[in-house]
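Here the structure is laid out as structure tokens; the discussion comes afterwards.
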Amino acid sequence: MTNLEIIQDAASKLDVYRKPAIDAAVELIDTILSAADLGSIQHETVESIDVEDEVVIVKTTYVIRGCADTSCYVFPTSLLLEDDVEQAATRYGKQLQL
């Protein structure tokens with residue numbers, strides 16, 4: 001499976017199942033976000049993934065001291081098409097900092 005297919009599969013599973021097995025997608029998304037210095041979803045629950053032509057939108061929830069909160073992460077779909085996703089995400093993160 002390509003990276004894009006992994007994310008698309010996870011997005012469709014999230015639409016159908018209550019607690020789908022999307023570990024590969026979560027790991028891939030976390031790698032991208034961490035490399036781009038956009039954060040981490042390691043301790044969050046992925047609620048939805050929207051794959052659009054230009055961007056991927058990941059919505060998550062997390063609980064701290066009994067208080068629920070949400071996050072939204074956005075990154076270009078083109079990162080998923082790269083051979084080295086981590087390197088591409090690092091370049092993307094540096095471009096954002098300029």
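Key figures
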| read-out | value |
| --- | --- |
| Cβ-based charge dipole, the chain, positive-most Cα from 21, 63, 49 | 63 |
| Separation of alpha-carbon centers, the range 34-51 and the range 55-79, rounded to whole Å | 5 |
| The range 3-87 - charge dipole about Cα centre, Lys and Arg +1 at Cβ, Asp and Glu -1, debye rounded to 20 | 620 |
| Amide H within-cut-off set for residue 47, under 5 Å, with H built and near neighbours excluded | 59, 60, 61 |
| Rounded to whole Hz, the Karplus (6.51, -1.76, 1.60) HN-Hα couplings of the range 34-44, x for glycine and proline | 5, 5, 7, 6, 9, x, 8, 10, 4, 10, 10 |
| Additional length obtainable on full extension of the chain from residue 48 to residue 72, 0.36 nm per residue less Cα span | 7.7 nm |
| Hz values of 3J(HN,Hα) by residue in the range 9-23 - Karplus curve (6.51, -1.76, 1.60), Gly and Pro given as x | 5, 5, 4, 6, 5, 5, 6, 9, 9, 6, 9, x, 7, 10, 4 |
| Estimated vicinal HN-Hα couplings, Hz - the range 53-66 in sequence order (Karplus 6.51, -1.76, 1.60; Gly, Pro = x) | 4, 9, 9, 10, 10, 10, 10, 10, 10, 7, 10, 10, 6, x |
| Cα extents of the chain along the three principal axes, largest first (Å) | 36, 31, 20 |
| Relative exposure of 6, 64, judged by other C-beta atoms within 10 Å (fewest first) | 64, 6 |
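Read-outs throughout are calculated quantities, based only on the coordinates presented, and are distinct from any laboratory measurement. Values in this document were obtained by computation on a predicted structure and should not be read as measured data. We place every Cβ from the backbone using ideal geometry, glycine too, and count neighbours over all the protein chains shown.
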